[in-house]
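All remarks here apply to the structure that follows.
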Amino acid sequence: MWSSVPPTLSSSQAKEVDRVCAERFGIPTEWLMEAAGWRIATFVRHSATVVCGVGNNAGDGLAAARHLHRWGGLVNVCCVDPARLRGPAAMELDALRKEGVEPSTKLRLTGARTIVDAIFGTGLSRPPEGTFAEWIRSINVTRMEVVSVDVPSGLDAESGVAYSPIVDATTTIALGLPKPGLMKLPGDVYIADIGIPREAYAAVGVTVPPHLIESTLIRL
């Protein structure tokens, strides 16, 4: 359990940290995404359906889905629009497909005990609409355990504004460092180290205590 207020990372700082990792430390986004997927998957204890959007947050979810599939814990992967995935997220989709898993474009939640929410990440700045909103509402109706990736989908990561609808997360796995908006939200939050050097955080003005970077998840 974290005994004091941890440092946070804004959306703009998170993007800059990714750039610094790639350019200064030779750690590309693909590596960070793979580490994020591993961390998420190891937290999930029951059969799971992974629900993905169209950005890098979806890539984290797809990486988690691949590990869960290998371990026998994956029920379904649902993706709003796989054709919209780009860059590292598209690479994760390709890797998952090569293991014989084809994401559904329909939301299928039956048969799982846990939902991994990878619909929206830190870039959301307005209420979810269309299929995104429909899927979030459907997730909440199930009353199932929900593990959100980095932030619950529907949360403004900067301000903490909970848009309508927002995923009712049981647990959120904050990747690297928690985002400011998470500190205003109820529910369990864990910090997952995904391999970002402390010097990369320092480059964007964030000081990270050595003991905050651990091999185990840290509960806030």
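Only the coordinates and a few stated rules stand behind these numbers; no lab work does. Keep in mind the model is a prediction, meaning the values are calculated, not measured. All Cβ positions, even for glycine, are placed from backbone atoms using ideal geometry, and neighbour counts span all protein chains on display.
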Karplus-derived HN-Hα couplings along region 193-199 (A = 6.51, B = -1.76, C = 1.60, θ = phi - 60°), whole Hz, x at Gly and Pro: 5, 10, x, 7, x, 4, 5
Take Lys15, Lys179 and order them by how many other Cβ atoms sit within 10 Å, fewest up front. Lys15, Lys179
Binned Cα-Cα distance frequencies in region 138-220 - 5 Å width, integer %: 3, 15, 23, 22, 17, 11, 5, 3, 0
Fluctuation leader among Ala22, Ala118, Ala169 - the chain, Gaussian network, Cα springs under 10 angstrom: Ala22
Name the long-range amide H neighbours of Glu158: under 5 Å, sequence gap of 5 or more, or other chain; modelled H, no Pro or chain starts. Gly181
If neighbour count is taken as other Cβ atoms inside 10 Å, put Val208, Val116 in order from fewest to most. Val208, Val116
Give me the Kirkwood hydrodynamic radius of region 11-219, using the inverse of the mean 1/r over all pairs of distinct Cα atoms, in Å to one decimal. 16.8
Expressed in angstrom and rounded, the centroid-to-centroid distance over alpha carbons for region 114-138 and region 45-77 is 15
With only helices counted (DSSP H, runs n ≥ 4, each -39500 (n - 2.57)), the per-residue ellipticity at 222 nm for the chain, to the nearest 500, works out to -11000 deg cm²/dmol
